[in-house]
């Protein structure tokens, strides 16, 4: 209950027949109301979704007569009940397009711009301008097309309609004494995904229910960490681990370290069947799927939306999770013609940051050089220089700054890279980290591989750090700075080393 989980899901799998090898699924939901069965139908086309994000600061006033935790938790329960009454009474309204459109109950939207809104897809078409004109996260080549959530504001009725039932005179109770009051602002941040064919008339009910659930979760968090004279403000984080089809929202107590929250995370991992060796619910891993760029302004996952690889009947293995694209001339720093391996390293560090393995910032060139000096690989003169680094230096920095170990693949010539398809496929399927490859005077980042183990045909998904332009995704993809390359892309006579970072086993 502390984590806001009120039901458990049990999944049963079994073979249908030995001949067709199909799996049938049966899901049972267990709750206080009883046991329910959810039927799953195979081979249905994926549905397009509309994504909405409701954000608001909800003021809460906590009044207690003493400093006891019992009094504090009782006051929290009373405030929660007041907010729940507002939800049940339909006092919350939802505003769209800077509140030019208001949705209340099962009524038609109020606002002239919403006259043609019939389904949620109509809302997205009107309010969102998405990359490539795609809505609902449909597949377009490699990965899923990014979808920005529709921003929604939360409004509360200041006056209520008089009920038709018998009314009573108000009673005022006046107590004289010493009271302690605490003012809180609950940072409501609700993410909702619905089938984009959902009628607009049904949207208010779904948004209202979602807001109610998060309010309860926030008060559970407040109560769980309530101490004498102190309340930990709850914080909301949205996650989209690759092992889940839908986003997951978690409420954590503000000011708690990742170590202090480990017990809560472990419980969530166990209840949601998430891997116990990956920190997918750490706060540094939150929210990136909602944006096309990182908080620092770097483009995220530039391979999404690329065409399919040219290799026929290939197994495609890709980087798992999120990374940011780092290249020449970024951060107002001129590293043209010498900083490609530094930029590839920055992309790899971003992957570990955005997957929750570290909360440190992405190192700049001087910090990378300082790390190599500290481990004894370079002398003091190297710090602040314009000297190249290679794949081994990349591994030293990862180990020193992040505690990440690496494996290596070596080939004597670029023409031999056609032989590493199986090893790279296994790496992306088991580790999922970007791979740094260095050969001759160039370094690149490998984000994936398409490999046909019958024919030996192979194609590499390359992120090229030699790009010197701005953060323009269309240019980066159309000009091949991020794209599929065959074996002829490499220098056929140069020796190549590949640094394959390994995931630490943490939660």
Cross-chain or 6+ apart pairs with Cβ under 8 Å, the range 443-472 first and in the same structural domain as residue 327 (by TED's automatic domain parsing) and free of Cβ contacts under 8 Å to residues at least 60 places away in the same chain, then assigned to a loop (DSSP other than H, G, I, E, B) and buried (at least 24 other Cβ atoms within 10 Å of the Cβ): 446/434
Residue match in the range 488-504 (condition: more than 30 Å from residue 281 (Cα to Cα) and without any contact (Cβ under 8 Å) to a residue 40 or more places away in the chain): yes
Looking only at the range 262-291, and only at residues there that are more than 29 Å from residue 223 (Cβ to Cβ) and within 11 Å of the chain's Cα centre (by Cα), the one that is surrounded by the fewest Cβ atoms within 10 Å (Cβ to Cβ): 291
Residue in the range 432-451 that is modelled with pLDDT under 95 and not in a loop (DSSP other than H, G, I, E, B) present: yes
Single residue of 350, 361 found to be without any contact (Cβ under 8 Å) to a residue 24 or more places away in the chain, under 19 Å from residue 295 (Cβ atoms) and outside the structural domain of residue 237 (by TED's automatic domain parsing): 361
Tally, over the range 80-129, of residues that are touching a residue at least 40 places away in the same chain (Cβ under 8 Å) and in a strand (DSSP E or B): 8
Which listed residue is within 28 Å of residue 91 (Cβ to Cβ) and touching a residue at least 24 places away in the same chain (Cβ under 8 Å), from 199, 170, 241: 199
Subset tally (residues that are closer than 17 Å to residue 499 by Cβ and surrounded by fewer than 20 Cβ atoms within 10 Å (Cβ to Cβ)) for the range 417-440: 6
Matching residues in the range 351-394 - criterion: being surrounded by fewer than 23 Cβ atoms within 10 Å (Cβ to Cβ) and in contact with a strand residue (DSSP E or B) (Cβ under 6 Å, 6 or more places away or on another chain): 390
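Keeping to the range 209-261, report how many residues are in a strand (DSSP E or B) and either modelled with pLDDT of 95 or more or crowded, with 17+ Cβ neighbours inside 10 Å (or both).
12
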Residue match in the range 420-429 (condition: touching a residue at least 24 places away in the same chain (Cβ under 8 Å) and either within 24 Å of residue 371 (Cα to Cα) or in contact with a helix residue (DSSP H, G or I) (Cβ under 8 Å, 6 or more places away or on another chain) (or both)): no
Of the criteria (1) more than 23 Å from residue 191 (Cα to Cα); (2) under 29 Å from the mean Cα position of the chain (by Cα), which one residue 99 fails: (1)
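The values are calculated or read from the model by the stated rules, or taken from the named source; none is laboratory data. Since the structure is predicted, the reported quantities are computational estimates derived from the model, not experimental observations. Counting neighbours? That spans all protein chains shown, and the Cβs are built from the backbone with ideal geometry, glycine included.
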